[in-house]
Amino acid sequence: MSGAPAAIEECRELPALAALVGRARPLVIRGLCRDWPMVAWARQSDDTFARELARRDNGSEVDALLLPPGERGVIGYNATFDGFNYTHHRVSIGQGLQRLAQYSRQPDAPGLAMQSALISACLPGLLDEHALPLLDPGIQPRIWIGNRVTTPAHFDAYHNIACVVCGTRRFTLFPSEQLPNLYVGPLDFAPTGAAIGVARLDRPDDLRYPRLRQALAAAQVAELHPGDAIYIPPMWWHHVESLERLNALVNYWWMPVTEEGRSSDLALGALFHCILGFGALTPAEKAGWKNLLDHYVFGDGDATAHIPAERRGMLGPLTSAQLEQLRQRIRRYL
């Protein structure tokens, strides 16, 4: 990669939610959560942060990944791709924090990450003081706590606002068109549920992944500190490095629902269905279906301009009755 990667665009005042979602590009919001109590604890010290968090732990178990020191904190596959490079555990937040305190005194410590824990389930006392007013109160925040652990490039189908509350995290983002250059692992067998890139970003000269440099040339990067947040749109690949001996992040995933009641949460299922339906077709058949999808789904033109508005069926605005009819039709094909 020649030169430094581009910086993710930044602001210090949160846009309206519609403007944020409508931009379809990542945005760093400096200081968005600067007044949160967790941020104040982290600014005092790691010990203060851990102590105050442990005091609010209700003992519920959360998912935790433990990586051997030789993995250098990078979550991924084992050497034969038939398993992962970590062991999975269930621990309380307090137990995990105790283990992190032990590891902080070791020069070559294992990697430990408590992953995607619903705050309402394990730290419910934090909810009232750690809210984002622009989001619907029904959107449940999750907390991620660990030491120097890296989650390789992956994507979400959801909108995401991630708030750093302790430590420092480096986000490296890639637009969706960089998918071929990220060398993504299996869709149905991934370390943390979402498919991940298997090429190490810190090893751009690895001969197994010659196109990685093209992805790095298109990367956008930002480092976030306690109180900072980032908006990540759906389908943007993001590689996240936790840089300190203690790091914590709170994130909010959500999926807007259209006026017809449809949510693009269905899109991932459609991808799997497409793999099943189109994967074994001949090249000519695939080309034909690609043209059909481009015309009716992904194209910019109006595929129905020549059809009276009241006769456009599933290609027009859908009533609840039409939506149910469409769902029934899809079920017949499954």
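Look through segment 166-216, keep the residues that are within 15 Å of the chain's Cα centre (by Cα) and assigned to a loop (DSSP other than H, G, I, E, B), and return whichever of them is nearest to H273 (Cα to Cα).
Out of the qualifying residues, it is L187.
Name the residue that is modelled with the lowest pLDDT, counting only residues in segment 257-285 that are more than 20 Å from L187 (Cα to Cα) and not in a loop (DSSP other than H, G, I, E, B).
Restricting to residues being more than 20 Å from L187 (Cα to Cα) and not in a loop (DSSP other than H, G, I, E, B), the top hit is S263.
Just to be sure, is D294 in a helix (DSSP H, G or I) and at pLDDT below 95?
So D294 passes the test.
Scanning segment 74-95 for residues that are among the aromatic types (F, W, Y) and assigned to a loop (DSSP other than H, G, I, E, B), which turns out modelled with the highest pLDDT?
The selected residue is Y86.
Can you tell which of F84, F49 is of a type in the set (F, W, Y) and either touching a Ser or Thr at 6+ places or on another chain (Cβ under 8 Å) or farther than 25 Å from I161 by Cα (or both)?
Step by step, each of F84, F49 is checked, and only F84 is of a type in the set (F, W, Y) and either touching a Ser or Thr at 6+ places or on another chain (Cβ under 8 Å) or farther than 25 Å from I161 by Cα (or both).
Kindly indicate whether Q115 is in the same structural domain as R99 (by TED's automatic domain parsing) and crowded, with 21+ Cβ neighbours inside 10 Å.
It is false that Q115 is in the same structural domain as R99 (by TED's automatic domain parsing) and crowded, with 21+ Cβ neighbours inside 10 Å.
So in segment 149-201, with the set limited to residues that are among the charged types (D, E, K, R) and surrounded by fewer than 20 Cβ atoms within 10 Å (Cβ to Cβ), which one is farthest from L67 (Cα to Cα)?
Looking at residues that are among the charged types (D, E, K, R) and surrounded by fewer than 20 Cβ atoms within 10 Å (Cβ to Cβ), I get E177.
Name the single residue, out of those in segment 190-214 being touching a residue at least 60 places away in the same chain (Cβ under 8 Å) and not polar (S, T, N, Q), that is farthest from W41 (Cα to Cα).
The selected residue is R213.
Every residue in segment 1-52 that is part of a helix (DSSP H, G or I), surrounded by 12 or more Cβ atoms within 10 Å (Cβ to Cβ), among the hydrophobic types (A, V, I, L, M, F, W, C) and modelled with pLDDT under 95, please.
Residues satisfying the conditions are L17, L20, V21.
What's the number of the only condition in (1) under 30 Å from R208 (Cα atoms); (2) part of a loop (DSSP other than H, G, I, E, B) that T151 fails to meet?
Unmet condition: (2).
Looking only at segment 228-255, which residues are in contact with a strand residue (DSSP E or B) (Cβ under 6 Å, 6 or more places away or on another chain) and acidic (D, E)?
Hits for segment 228-255 are D228, E241.
Name every residue in segment 99-138 that is assigned to a helix (DSSP H, G or I) and in contact (Cβ under 8 Å) with a residue 40 or more places away in the chain, in order of residue number.
L100, A101, Y103, I119, A121, C122, P124, G125, L126
The values are calculated or read from the model by the stated rules, or taken from the named source; none is laboratory data. The structure presented is a predicted model; accordingly, all values stated were derived computationally and were not measured. Counting neighbours? That spans all protein chains shown, and the Cβs are built from the backbone with ideal geometry, glycine included.
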